[in-house]
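Chemist: Below: one structure in structure tokens.
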Amino acid sequence: MPKRIPGQELEAILAIVAAHPDAIQVRTIREGLAYELPPRMLQRRLALLVEQKRLLAEGRGKGRRYRLPPGDVVARAKPAQISITATAHPDRVEVYPPISQKAEAIKQAVRAPIQHRQPVGYRRAFLDDYRPNATFFLPAETRQHLLEIGRPPGGERPAGTYVRRIYSRLLIDLSWNSSRLEGNTYSLLETERLLELGESAEGKDALEAQMILNHKAAIELLVEQADEIGFNRYTILNLHGLLADNLLADPLAGGRLRRIAVAIDGTVYHPLEVPQLIDECFQKILDTAAAIADPFEQAFFALLHLAYLQGFEDVNKRVSRLAANIPLIRENLCPLSFVDVPERAYVDGVLGVYELNRIELLRDVFIWAYQRSCARYSAVRQSLGEPDPFRLRYRALVAELVATVVRAELDKKAATALVRQRAAQHVPPEDQARFLEVVETEMMSLHEGNIARYRLRPAEYQVWRQGWR
């Protein structure tokens with residue numbers, strides 16, 4: 001009986017072909033794969049895809065080329081923009097950051113049906129093979145680019161100086177975005193009301209409010225102790241203790257390394273189970289991260305390896321996201337708040353690390369996310385190129401809603417309700433969450449120097465602002 005070809009391998013091949021507008025040769029496909037396939041195995045997979053009519057073959061011998069059938073098109077925006085990915089099925093539309101060809105192959109591999117993906121365990125060599133300041137996940141030109149856009153003017157300052165200047169904005173952004181990546185359904189304005197007034201949103205699970213409040217406490221630790229935090233047990237264990245407060249079945253598990261086996265939904269990855277090995281790997285991660293000189297390489301290493309180890313019973317990815325900010329805060333660089341990052345793109349990147357030990361997709365998401373954060377907190381906006389196509393598409397409706405909120409003198413709670421109502425009426429379901437974020441961000445960014453774009457008068461703005469709570 002012939003051996004069954006894994007579905008993720010076929011999807012990875014299709015993703016590479018889809019990334020090229022013209023027919024391509026086998027060599028291009030082989031170079032784009034995130035893993036090695038012997039030539040005969042690759043030929044068998046190509047032949048099967050042609051037989052299934054998922055690929056078209058042109059020519060013979062060494063000149064043979066492959067392309068997608070008409071209609072199977074993947075359209076992408078320019079680098080550093082969010083892209084709208086459309087397939088042959090018009091009802092499937094997805095917002096996704098721009099990614100490389102290798103990252104696309106990883107994306108397709110981790111999206112294959114779970115029964116077609118090979119179960120894997122924690123691979124210690126993935127950690128042990130990394131050599132601080134000799135191995136680099138981020139290329140030199142990328143690290144230099146991130147430094148240029150993330151470094152605020154003003155020269156050398158004490159650790160935490162820059163983040164304290166933008167603290168109130170960062171507290172809301174990072175708490176909301178990190179929680180959103182965990183499936184939290186609070187809106188941006190609901191998060192602001194919770195953090196500023198302690199008011200929970202109606203109809204929401206209490207665990208969601210707890211998650212956001214825990215982020216606030218953890219961010220406060222990073223900012224208030226900016227000159228003391230680092231990749232050491234005190235910082236990371238206490239980050240977990242704060243982020244996991246009142247969220248775990250075992251109250252003693254907060255801030256303590258895992259002593260039980262865990263399973264992760266939606267993946268074939270099985271983390272370590274032996275407590276001694278978990279502790280050894282955790283310490284190795286801390287020692288390695290602490291030895292890395294470049295702050296961006298440090299940030300990405302922490303984001304990747306703390307999540308991969310799954311050293312705690314839960315809340316591991318939240319710890320990794322906040323820990324990634326440690327070197328940025330200490331070096332007075334723009335923090336990483338994960339603004340605009342689609343949940344699915346982040347999850348795909350993490351799964352690529354879990355199941356394949358491939359970093360390309362998570363790296364692309366990390367780099368793009370940092371560019372978006374810099375645009376939020378600094379004047380370095382030219383690095384993002386052209387305007388966000390999503391905002392352009394809904395520009396008129398956004399402007400109308402902002403003006404209505406101000407003229408009707410709505411508070412944050414009423415404004416959120418209105419935006420949700422209009423979104424349900426005028427925006428496709430797949431765009432509604434992003435649309436809500438865009439409108440709420442515009443309202444939170446209103447000041448007397450930009451109200452003219454909404455045809456608002458100073459008197460209207462002043463009256464509204466007094467009741468905006």
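Chemist: Which of the residues that make up the range 176-219 are among the charged types (D, E, K, R) and over 18 Å from ARG321 (Cα atoms)?
Modeler: GLU190, GLU192, ARG193, GLU196, GLU199, GLU202, LYS204, ASP205
Chemist: Suppose we filter the range 408-430 for residues that are touching an Asp or Glu at 6+ places or on another chain (Cβ under 9 Å), at pLDDT 90 or above and either assigned to a loop (DSSP other than H, G, I, E, B) or over 23 Å from PRO458 (Cβ atoms) (or both); how many remain?
Modeler: The number of residues fulfilling the criteria is 6.
Chemist: Take ILE82 and tell me if it is within 18 Å of the chain's Cα centre (by Cα), of a type outside the set (S, T, N, Q) and at pLDDT below 90.
Modeler: yes
Chemist: Looking only at the range 317-325, decide whether some residue is outside any loop (DSSP other than H, G, I, E, B), under 26 Å from LEU170 (Cα atoms), among the hydroxyl-bearing types (Ser, Thr, Tyr) and outside the structural domain of ILE99 (by TED's automatic domain parsing).
Modeler: The answer is yes; a qualifying residue exists.
Chemist: Continuing with the same structure: For the condition modelled with pLDDT of 90 or more and either crowded, with 16+ Cβ neighbours inside 10 Å or outside any helix (DSSP H, G or I) (or both), what is the one hit in VAL438, VAL405, VAL463?
Modeler: VAL405
Chemist: Right, another one. Those residues that are more than 23 Å from ARG124 (Cβ to Cβ) and in a helix (DSSP H, G or I), I need them from the range 326-350; list them, please.
Modeler: Passing the criteria: ILE326, PRO327, LEU328, ILE329, ARG330, GLU343, ARG344, ALA345, TYR346, VAL347, ASP348.
Chemist: Regarding the range 32-49, can at least one residue be identified that is modelled with pLDDT under 80, surrounded by 15 or more Cβ atoms within 10 Å (Cβ to Cβ) and farther than 21 Å from ARG358 by Cβ?
Modeler: For the range 32-49, residues modelled with pLDDT under 80, surrounded by 15 or more Cβ atoms within 10 Å (Cβ to Cβ) and farther than 21 Å from ARG358 by Cβ: absent.
Chemist: What is the residue count in the range 186-209 for residues that are within 24 Å of the chain's Cα centre (by Cα), over 19 Å from SER337 (Cβ atoms) and either surrounded by fewer than 15 Cβ atoms within 10 Å (Cβ to Cβ) or in contact (Cβ under 8 Å) with a residue 40 or more places away in the chain (or both)?
Modeler: Of the residues in the range 186-209, 2 are within 24 Å of the chain's Cα centre (by Cα), over 19 Å from SER337 (Cβ atoms) and either surrounded by fewer than 15 Cβ atoms within 10 Å (Cβ to Cβ) or in contact (Cβ under 8 Å) with a residue 40 or more places away in the chain (or both).
Chemist: Out of contact with any His (no Cβ under 6 Å at 6 or more places or on another chain) and either of a type in the set (Phe, Trp, Tyr) or buried (at least 20 other Cβ atoms within 10 Å of the Cβ) (or both): does that describe ASP411?
Modeler: Taking the combined requirement at face value, the residue does not satisfy it.
Chemist: Right, another one. Using the structure shown, decide if GLU297 is at pLDDT 95 or above, in the same structural domain as ASN232 (by TED's automatic domain parsing) and in contact with an Asp or Glu (Cβ under 8 Å, 6 or more places away or on another chain).
Modeler: no
Chemist: Another question about this same structure. What about LEU147, is it hydrophobic (A, V, I, L, M, F, W, C), assigned to a helix (DSSP H, G or I), under 22 Å from the mean Cα position of the chain (by Cα) and at pLDDT 90 or above?
Modeler: It is true that LEU147 is hydrophobic (A, V, I, L, M, F, W, C), assigned to a helix (DSSP H, G or I), under 22 Å from the mean Cα position of the chain (by Cα) and at pLDDT 90 or above.
Chemist: Something else about it: So which of SER178, SER168 ends up being of a type in the set (Gly, Ala, Ser), within 23 Å of the chain's Cα centre (by Cα) and closer than 30 Å to GLU355 by Cα?
Modeler: SER178
Chemist: Let me spell it out: the conditions are (1) modelled with pLDDT under 85; (2) of a type in the set (D, E, K, R); (3) assigned to a helix (DSSP H, G or I), and ARG469 meets all of them except one. Which number is the exception?
Modeler: (3)
Chemist: Right, another one. Can you tell me how many residues within the range 48-65 are of a type outside the set (A, V, I, L, M, F, W, C) and closer than 14 Å to ALA12 by Cα?
Modeler: 1
The values are calculated or read from the model by the stated rules, or taken from the named source; none is laboratory data. Please read all numbers here as calculations on a predicted model, not as lab measurements. Cβ: placed from backbone, ideal geometry, glycine included. Neighbour counts: every protein chain shown.
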